[in-house]
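Have a look at the structure below, then the notes.
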Amino acid sequence: MERALVPGELSDPEELHARGRELGARTPSTAHDHAAAGEHRPSVADFVEHSNAGRLGDLVPLRIGRMIASPFAFFRGAAGLMAADLAGTPHSGLSAQICGDAHAANFGLYGTPEGQIVMDVNDFDETIRGPWEWDLKRLAASLVLAGREGGVSEEDCRDAAEDAVKSYRRVVRQLGEASFLRSWNALADADALSKVKAHDLADEFSEAAEKARRNTSARVVAKWTERIDDHTTGLSHHRFVEDPPVLRHVDEATANAVADGLVSYVHTLRESRRNLIARYRIADVAFRVAGTGSVGLRSYVVLLHGNTDEDLVLQVKEARPSALTPYLPEHRTEHEGQRIVHGARLVQAETDILLGWTTIEGRPFIVRQFRNMKGAIEPTELGGKDLDDYGRVAGALLARAHIRSVHPRLLAGYFDGDDQLDEAIGRYAVRYADQTESDHAELVTAVKNGRFPAVTD
């Protein structure tokens, strides 16, 4: 007897593969070599102004200052603009839980509870269900921009973009033949480098992993806090030291609101982890500016005391609707923090065990460990061969992430016999990098003309 566990779902591997081949015939690889700018894209100034809505006004100039630093920096803050460009472009019809902002700097290292360092997609503010091609094209374009910023030759930039796509295709095909259990968490650790033949990146990975192991709550406490002694009780605790505008204290009402939000956050964790987090006690709350695209959102760091001299730092970060939502209108969510958490849990091989969501003063937030051995390989600092290797690793990780939500046999069928997608998306990536440089220049001009104030850190 054979039957699907989910009624109505196609589950026979050969039928799924054949269905993927049919979709490939309808939307061939050459269709992905399309124009960079979408027909209905907003002007750069209008896009930036719209994306600033709802942010803390005093931090908007800092956001603009970070975006004008370089074309790659602009790209990092403009996921919504690229979504506007991709809306209506050809795609296979296969949807996945996509990162939504899969640029090269959003792949990073972090630690598992067992202390193992893994590398994966690590930013999910824009996660949503949508065309897998959107993530892959954003990754490819970002590699060209990162390479240009680092002085890599144009040929090597294009090669890195093409090899990211090639690696994506190869891994999809490999995982399409693998057991479902093995494919689910594939490529999470340093073995991924050898599996995708990214040997030139081994030194950078080792160096980043070593730094990541030192990037803990204990180190944050040592660098960012001071010890306060209470002579009345004889007890002492740590308190954040201000470093404006990046880190500053909050008033008592805000601190209490964040603390109340953490109480409800506990119930979004899996049951065994609720007992874990309940053992900590809150010592201090501060506001901390986050990221590039997230500058101006409400973002807090919370210091908790644990066993004896143990400390834990959590990040409590405002969750806004995905910038891709206007272009994927079928998407609906009740809580934006829950959207981000569910997306991360579905996409990542290993997810932060303290990742959850809450509501504070009517606004949705996510909660996660602030420093759980996080690290990064900076793509703008890589030479040509290393950038190419980095592209292969990122493409492989993106493929593994996508096949958790789109059947690997379907996607493998779409790629069956294909040998043109790499070059098609490679050409598009170069074209989109050119468009981004033009967009960046337009924002720089708008700042010079006084439309947007800008400050640097």
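Checking the conditions here, which among GLU336, GLU330, GLU318 is out of contact with any Phe, Trp or Tyr (no Cβ under 8 Å at 6 or more places or on another chain) and at pLDDT 95 or above?
That would be GLU336, the only listed residue that is out of contact with any Phe, Trp or Tyr (no Cβ under 8 Å at 6 or more places or on another chain) and at pLDDT 95 or above.
Is it fair to say GLU310 is closer than 23 Å to LEU62 by Cα and acidic (Asp, Glu)?
Answer is no for this residue.
Check the stretch 380-399 and report whether any residue there is assigned by TED's automatic domain parsing to the domain that holds ALA141, out of contact with any Gly (no Cβ under 9 Å at 6 or more places or on another chain) and either of a type in the set (Phe, Trp, Tyr) or in a loop (DSSP other than H, G, I, E, B) (or both).
yes
Just to be sure before I move on: is VAL301 touching a Leu at 6+ places or on another chain (Cβ under 9 Å), within 20 Å of ASN215 (Cβ to Cβ) and touching a residue at least 24 places away in the same chain (Cβ under 8 Å) in the structure I sent?
Yes.
Specify the residue that is farthest from SER272 (Cα to Cα); the eligible residues are those in the stretch 342-358 that are surrounded by fewer than 17 Cβ atoms within 10 Å (Cβ to Cβ) and in contact (Cβ under 8 Å) with a residue 60 or more places away in the chain.
Going through the qualifying residues, I end up with LEU346.
What pairs can you find where one residue is in the stretch 75-101 and on the phi > 0 side of the Ramachandran plot, the other is of a type in the set (D, E, K, R), and their Cβ atoms are less than 6 Å apart, with a gap of 6+ or different chains?
GLY100/GLU126
Being modelled with pLDDT of 95 or more and buried (at least 24 other Cβ atoms within 10 Å of the Cβ) is the filter here, so list the residues in the stretch 108-134 that pass it.
Once the filter is applied, which keeps residues that are modelled with pLDDT of 95 or more and buried (at least 24 other Cβ atoms within 10 Å of the Cβ), the stretch 108-134 yields PHE124, ASP125, GLU126, THR127, ILE128, GLY130, TRP132, TRP134.
Which helices (runs of 4 or more DSSP H) does the stretch 209-284 wholly contain that include 2 or more residues that are among the small types (Gly, Ala, Ser)?
217-224, 252-265
Here are VAL302, VAL341: which of them is over 15 Å from SER95 (Cβ atoms), part of a strand (DSSP E or B) and not acidic (Asp, Glu)?
Criteria check complete, one pass: VAL302.
Of the conditions (1) surrounded by fewer than 17 Cβ atoms within 10 Å (Cβ to Cβ); (2) among the charged types (D, E, K, R); (3) in a helix (DSSP H, G or I), ARG409 fails just one. Which one is it?
(1) is the only condition that ARG409 fails.
Does SER294 qualify as being farther than 30 Å from PHE47 by Cβ and of a type outside the set (A, V, I, L, M, F, W, C)?
no
The values are calculated or read from the model by the stated rules, or taken from the named source; none is laboratory data. The shown structure was predicted, so the numbers you read here are calculated from the model rather than taken from an experiment. Cβ sites come from the backbone with ideal geometry, for glycine too, and all protein chains shown count toward neighbours.
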